[in-house]
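Values in this text are rule-based calculations from the coordinates and carry no lab data. Not measured: the values here are computed from a predicted model. So basically every Cβ, Gly included, is an ideal-geometry build from the backbone, and we count neighbours across all protein chains shown.
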Amino acid sequence: MTKERDNLLSKIRALLAKTLEAGATEAEAMAALEKARAMRDAYQVTEEELNLTKEEKAIIRGEPRGTKDPHLIKWQLLSGVTKFCGCQSWRRSGVRSGGGGIVFCGLPAEAQFASWLLDDLAAWVQGELVKHLMDAQPDKQDRKDIIRAFVYGICERITERLLELCKQSEAVATSNARALVVVRDAAITDKMKELDIHLSCGYGPCGGGDSASYEAGRAAGDRASFGRPVSGRNATLRLR
């Protein structure tokens, strides 16, 4: 390996090390992650070169207690975001009343991205909900049903799209990429065992309500923007 390549890898590793746990601000950490991913794609740097080995440790990244989740938007998006980012996730007790919060367990870059993506999508969904309510102008007695139906439709469609992208990535993954997924999953399992975390199945909100609002939500879900996997040599799940 050339000295120039070594220097490039060192720069990318340094960017990936700028996490909240290391003292960076949220904005600094996300800017560093975006730049690192751009450099990796531009120079075709593989995870193997960056030494994402069995020594890579998973971290826990959770929302502060008391974090609100209006209309359970984050909870409805959680399964898709979790799968897309290669993490495990759960919610602390009390999330419905605002006392809990969502937690991710994953490798540092993936857990950080999952947390950011969930926040970003939830904010976008809320913005689309505002637009829909302004267009629909529902009566007070219909407002609850319309909100529930629209949120369910938009979150359902976003989740479907995230899972579709996961399947595409898995279909083109190389043997090296699949091996790295095994390493990642082992790191997550080890962290959860270390903290004695055991997950149980949960149930999200049911559908129903206003059918027109549900369809409007699904249509809006087609417009959501998020990172996507790339295909080709050494392809893995990553954002653009």
In what sequence, highest mean first, do 69-76, 7-14 appear when ranked by Cβ atoms within 10 angstrom? 69-76, 7-14
With r defined as the distance between the Cβ atoms of Lys193 and Thr46 and R0 fixed at 35 Å, what FRET efficiency is calculated, to the nearest 0.05? 0.80
Where does the charge balance sit around Cys87 when Lys and Arg score +1, Asp and Glu -1, over other residues with C-beta under 12 Å from its C-beta? +2
Each label point is 7 Å from the Cα along the Cα-to-Cβ direction; what then is the distance between the points at Asp139 and Ala212, in nm? 1.4 nm
Lysine pair number, Cα distance threshold 17 Å (strictly under), region 58-221, separation 8 or more or different chains: 4
